[in-house]
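Asks: Mind having a look at this structure? Questions to follow.
The values are calculated or read from the model by the stated rules, or taken from the named source; none is laboratory data. Keep in mind that this is a model prediction, so the values were computed, not measured. Heads up, the Cβs are rebuilt from the backbone with ideal geometry, glycines too, and the neighbour counts pull from every protein chain shown. Remember, those area values only see protein heavy atoms, side chains included, never the ligands or the DNA or RNA. Shrake-Rupley method; radii C 1.70, N 1.55, O 1.52, S 1.80 Å.
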Amino acid sequence: MINPLLDTSSLPRFDELRPEHVLPAIRKVIEDNRAQLDELLSSGTTPDIDALVAPIEHMDHELGRVWSPVSHLQSVLGSKDWREAYKQALPLLTEYGTELSQNVDLQRAYVEVGRNLPVDASEASRCAVDHALRDFHLAGVDLEKAAKDRFKAIMQELAEAQAGFEHNVQDAADAWTLPITDADNLLGLPEALLSRAAEDARKASLDGWLLSLDFPTYDAVMKHADARDLREAMYRGWVTRGSDQGRDPKWDNSAAIKKILALRHEASNLVGFDSYAEYSLATKMADTPDQVIAFLRELCAHSRKAAEQELAELTEFAGTPLEAWDVAYWLEKFKQSRYSVSNEELRAYFPAATVNEGLFALASQLYGIELTVDPDVTTWHDDVRYFTVRQNGEVLGGFYTDLYARNGKRAGAWIDECITRQKLNGYLALPVGYLVCNFQPPNDKGVSLLTHDDVVTLFHEFGHMLHHLLTRVDFPSISGINGVPWDAVELPSQFMENFAWSYEVLTRCSSHHEYDRPLPRDLFDKLEASRHAGAALAMLRQIELSLFDFLLHSQYNPDAPVPVLEVLAEVRDEVALIKHPDINRLPHAFSHIFAGGYAAGYYSYKWAEVLAADAFGAFEEAGIFDEATAQRFRREILEVGGSRDIMQAYVAFRGREPTVDALLRQTGIDIS
Ligand SMILES: [Zn+2]
């Protein structure tokens, strides 16, 4: 009997897939791929696109198709067996991935393909080769022996130091608890949090409540706890995690930070960059460190006055000078008193089915595509629907939606690729994706009611999905969202969010679940007004984090390393309005940049937001449903994936480079 995971002739056979299929299937594909790679590299023929690049892309594609349902099911099913199978197979994939990315013969074969590319080669094929060569270079594959060995050793050390950093943050947070015996100290906190804290106290044989230092608890205390002392205590715990100011010096990340910065700098030098910031930008849309720094400073210069006004207004509202642990709290209170839009009131207008219909109608209007449900496709859960996307009768691809929260399902909202578009050597695979959310499950009448935040989330993820589905690129490594620079990949998703703030779109997405009436105008107006509350302060906060990250990585000097706290203090002097006490150790728990993939890349959030707002600006100028503008956006941005220089693509769409004006306007900042 054939392993159903290995059947890639059509959609995954979700009704037949079992955890025990995973290891044999992954082993088989990797084994086949290895054999095929050996054959390709020893064939003796001159490598070109058809003879080398296409088969390599196809091998990756096959592995992706077999792996995708596995990684998907382990995150949405909450099944121990699926997780276990996933965990067992993961090292095989990592090993195989490293093997490929470090394969010198393969790298040389790509060099030869690049050298022999015919002058009339397509932009996409040129790009597929360039990307592969770039990635080999960034992984140190083309270095001389000694340098290559050193590069590898650095990567190993760096991986360990980064993992150690993250463990310190986590262990320090886990060890931190705050026992509370006086109920008055907990006023304002949500019920769910209190019952969990009471339960934690019981488990620890304590009276009262025990607060822990996870993000949801921290966030709820900062926003809702009426007791100022409690907010301050929680703040102090949070901002000293993993530092010399924390409760135990064994979790101090000071040395790890120094080491990580030094190793990154050295590795960057080895592959020919002056700084890690330059290394990071080699795969991003932004060209130079100066460009990123100037971008952040420009945003800052425009936002500061608006943020000062917001802070003054907030301080007046609070009637007392605000400390770092007061701002989020008073902002919540301010929003309630000023705008009083309740999520529950809004929810009544947004049944999930109506929102979906409105969203799909919008996609049809903009891009002329039809989305129809296909009830015959087998899925992994009764909540799941499969939609086929067509244009003038031609199938472009399809996607699954899995919208509601349930036990064991990973939290949050995301999309993932099930199948990536590929059209090489006569073989065509159409794109298929998963769109996953965690909305409130349907009530006893079978209706799931969404908040407006949920609606925005759905539009965001659907924007990613269109990027994946509407691609016209034939090489999977650069089709859809693949190969798109990190600082631009959120452009299509954040762009779509804007439509969820249009009254016209929302009326089509809403209908009161009892009275069958669309969202009333006055409710929308309140919602829109609340969009800007605290927006400039939030903007400054993101700029502070981005600039700190970027200066740290661009100005690093191994002969005279500047203490990170000094860099932070300078950035805060320049950017921040909220004063933090001396014990604040933001860097020591800044996992995004010291343990995650955002090193010299935290600015990407703002960068992509600017692109999305500026792109939407083109729609506002022409009318947000303007067909020609939508066609252009689709052709120049959504269809090209990573096959084109993204700034060139953007200019082809917009007629000019992006400016920050649209984002500032959207944030409620006066730019006149
Ligand atoms: Zn996103």
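Asks: For residues that are of a type in the set (S, T, N, Q) and in the same structural domain as residue 45 (by TED's automatic domain parsing), tally how many sit in the stretch 107-164.
Replies: So the count comes out to 4.
Asks: Answer yes or no as to whether residue 416 is open to solvent by 50 Å² or more (accessible area, probe 1.4 Å) and either part of a loop (DSSP other than H, G, I, E, B) or within 16 Å of the ligand (Cβ to nearest atom) (or both).
Replies: Yes; evaluated as a whole, the condition is true for this residue.
Asks: Residues to consider are 191, 160; find the one that is charged (D, E, K, R) and over 25 Å from residue 256 (Cα atoms).
Replies: 191
Asks: Now for a different question. Every residue in the stretch 549-577 that is open to solvent by 40 Å² or more (accessible area, probe 1.4 Å) and under 26 Å from residue 311 (Cβ atoms), please.
Replies: 565, 566, 569, 570, 573, 574 - these are the residues of the stretch 549-577 that are open to solvent by 40 Å² or more (accessible area, probe 1.4 Å) and under 26 Å from residue 311 (Cβ atoms).
Asks: Just the residues that are over 23 Å from the mean Cα position of the chain (by Cα), hydroxyl-bearing (Ser, Thr, Tyr) and not in a helix (DSSP H, G or I), please, taken from the stretch 273-325.
Replies: 275, 320
Asks: Among residues belonging to the stretch 450-473 that are more than 16 Å from the ligand (Cβ to nearest atom) and surrounded by fewer than 20 Cβ atoms within 10 Å (Cβ to Cβ), point out the one that is nearest to residue 366 (Cα to Cα).
Replies: 472
Asks: Separate question: Taking residue 435 and the conditions (1) away from the ligand (no atom under 14 Å from the Cβ); (2) within 19 Å of residue 409 (Cβ to Cβ); (3) touching a residue at least 24 places away in the same chain (Cβ under 8 Å), which numbered condition does it fall short on, given that it satisfies the others?
Replies: For residue 435, the failing item is (1).
Asks: Let me ask something else. Among the residues of the stretch 490-499, is there at least one that is within 12 Å of the ligand (Cβ to nearest atom), buried (at least 17 other Cβ atoms within 10 Å of the Cβ) and not in a helix (DSSP H, G or I)?
Replies: yes
Asks: From the list 146, 109, 153, 132, which one is on the phi < 0 side of the Ramachandran plot, open to solvent by 70 Å² or more (accessible area, probe 1.4 Å) and among the hydrophobic types (A, V, I, L, M, F, W, C)?
Replies: None of the others qualify; the one that does is 146.
Asks: Looking at (1) under 29 Å from residue 69 (Cβ atoms); (2) open to solvent by 40 Å² or more (accessible area, probe 1.4 Å); (3) of a type in the set (Gly, Ala, Ser), which is the one condition that is false for residue 363?
Replies: Single failed check for residue 363: (2).
Quick grid of which residues meet (1) in contact (Cβ under 8 Å) with a residue 24 or more places away in the chain; (2) on the phi < 0 side of the Ramachandran plot; (3) not in a helix (DSSP H, G or I):
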{"position": "519", "(1), (2), (3)": "yes, yes, yes"}
{"position": "525", "(1), (2), (3)": "no, yes, no"}
{"position": "533", "(1), (2), (3)": "yes, yes, yes"}
{"position": "536", "(1), (2), (3)": "yes, yes, no"}
{"position": "544", "(1), (2), (3)": "yes, yes, no"}
{"position": "549", "(1), (2), (3)": "yes, yes, no"}
{"position": "562", "(1), (2), (3)": "no, yes, yes"}
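Asks: Oh, and also: Look through 601, 668, 641, 597 and report the one residue that is among the small types (Gly, Ala, Ser), open to solvent by 40 Å² or more (accessible area, probe 1.4 Å) and within 21 Å of the chain's Cα centre (by Cα).
Replies: That would be 597, the only listed residue that is among the small types (Gly, Ala, Ser), open to solvent by 40 Å² or more (accessible area, probe 1.4 Å) and within 21 Å of the chain's Cα centre (by Cα).
Asks: Another question, then. Give the residue, chosen from 411, 429, that is surrounded by fewer than 17 Cβ atoms within 10 Å (Cβ to Cβ) and within 28 Å of residue 61 (Cα to Cα).
Replies: None of the other options fit; the residue is 411.
Asks: Note down all Cβ pairs under 6 Å where the first residue falls in the stretch 74-94 and is free of Cβ contacts under 8 Å to residues at least 12 places away in the same chain, the second is open to solvent by less than 50 Å² (accessible area, probe 1.4 Å), and they're at least six residues apart or on different chains.
Replies: Qualifying pairs under 6 Å: 83/74.
Asks: Right, next: Kindly indicate whether any position in the stretch 262-272 is under 24 Å from residue 164 (Cβ atoms), part of a loop (DSSP other than H, G, I, E, B) and open to solvent by 50 Å² or more (accessible area, probe 1.4 Å).
Replies: Within the stretch 262-272, not a single residue is under 24 Å from residue 164 (Cβ atoms), part of a loop (DSSP other than H, G, I, E, B) and open to solvent by 50 Å² or more (accessible area, probe 1.4 Å).
Asks: Open to solvent by less than 30 Å² (accessible area, probe 1.4 Å) and in contact with a Lys or Arg (Cβ under 7 Å, 6 or more places away or on another chain): is that true of residue 589 in this structure?
Replies: Considered against the rule, which asks whether it is open to solvent by less than 30 Å² (accessible area, probe 1.4 Å) and in contact with a Lys or Arg (Cβ under 7 Å, 6 or more places away or on another chain), residue 589 comes out as yes.
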